[in-house]
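J.: Below are the structure tokens for one structure; questions will follow.
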Amino acid sequence: MPAALKGVEAALRFELSPVKLNVVMMPELLPELPAFVAITRHRPLHVRFIEWMPVGGCGPRAAGDSLTKAQLMAALRELGANGLGEFAPADSAPGGWGPAHYYRFEGYKGTVGFIGSVSDHFCRECNRLRLTADGRLKNCLFSSHEIDAKSAVQARDLDGVLAVIAESLGDKTFDKNVLPGRTARGMSQVGG
Ligand code: SF4
């Protein structure tokens, strides 16, 4: 943990922007919530809480293995009511908004974001494509559908690369419940 925090501090010192800290919503996290909020007070840091997703054979096995967005928001509102002040939607957010919904404690420099990837899904807002380490373009974390992008890149074929990107975007399924097949790749293999 100290090493991770040193990395965050270094990123801020060198003015990288935006700096986002992704945190999976494990139940053990609750006692540490005040500390995660505290690091957003004087730093332009965006702490994003993400529901633990069932991807590639990993993920929660039973209800309660992961906190939900609603549970975490309730805990943060309680912190606000108990002295941290108003906790409201942020009027600005890190570049690219992405799938997170951002909130801020009044007067804080950084934000707290939520990615309700299981309980409050957002496929219709999802603008992500992912490139696997073996050069395949994947248009959804939960899908096994992939397109080879490596060949066009290796051939330095710009039109070919653009065509692969367009095809992948065109195939995007905006409902995780009707995806053609669950992926065998784990989260760490898709940069999730
Ligand atoms: S399209 Fe796929 S990756 Fe995007 S939000 Fe839906 S399930 Fe997640």
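The values are calculated or read from the model by the stated rules, or taken from the named source; none is laboratory data. Bear in mind the structure is a predicted one, so any value in this text is a computation, not a measurement. With ideal geometry, Cβ positions are generated from the backbone for all residues, glycine too; neighbour counts draw on all protein chains shown.
J.: Run down L169, L72, L79, L162 and say which single residue is outside the structural domain of R41 (by TED's automatic domain parsing), more than 16 Å from the ligand (Cβ to nearest atom) and part of a helix (DSSP H, G or I).
T.: When all the criteria are applied, what remains is L162.
J.: With the requirement that a residue be among the hydrophobic types (A, V, I, L, M, F, W, C) and either touching a Leu at 6+ places or on another chain (Cβ under 6 Å) or more than 7 Å from the ligand (Cβ to nearest atom) (or both), what does the stretch 109-146 give you?
T.: Of everything in the stretch 109-146, those that are among the hydrophobic types (A, V, I, L, M, F, W, C) and either touching a Leu at 6+ places or on another chain (Cβ under 6 Å) or more than 7 Å from the ligand (Cβ to nearest atom) (or both) turn out to be V112, F114, I115, V118, L129, L131, A133, L137, F142.
J.: Only one residue in G64, G56 is touching a helix residue (DSSP H, G or I) at 6+ places or on another chain (Cβ under 9 Å), under 20 Å from V24 (Cα atoms) and buried (at least 17 other Cβ atoms within 10 Å of the Cβ). Which one?
T.: After ruling out the rest, the residue left standing is G56.
J.: Does A10 satisfy the criteria of being at pLDDT 90 or above, assigned to a helix (DSSP H, G or I) and loosely packed, with under 12 Cβ neighbours inside 10 Å?
T.: For A10, the condition - at pLDDT 90 or above, assigned to a helix (DSSP H, G or I) and loosely packed, with under 12 Cβ neighbours inside 10 Å - is met.
J.: For the condition in a strand (DSSP E or B), of a type in the set (A, V, I, L, M) and in contact (Cβ under 8 Å) with a residue 60 or more places away in the chain, what is the one hit in V47, V37?
T.: Every option except V47 fails the conditions.
J.: Something else: Criterion first (assigned to a loop (DSSP other than H, G, I, E, B) and not small (G, A, S)) does E15 satisfy it?
T.: yes
J.: At least 1 residues that are over 16 Å from the mean Cα position of the chain (by Cα) and touching a residue at least 12 places away in the same chain (Cβ under 8 Å) in each: list the strands (runs of 3 or more DSSP E) lying fully within the stretch 110-151 that qualify.
T.: 136-138, 146-148
J.: Which is closer than 28 Å to T183 by Cβ and within 16 Å of the ligand (Cβ to nearest atom), of P94, P54, P27?
T.: Result of the check over P94, P54, P27: P54.
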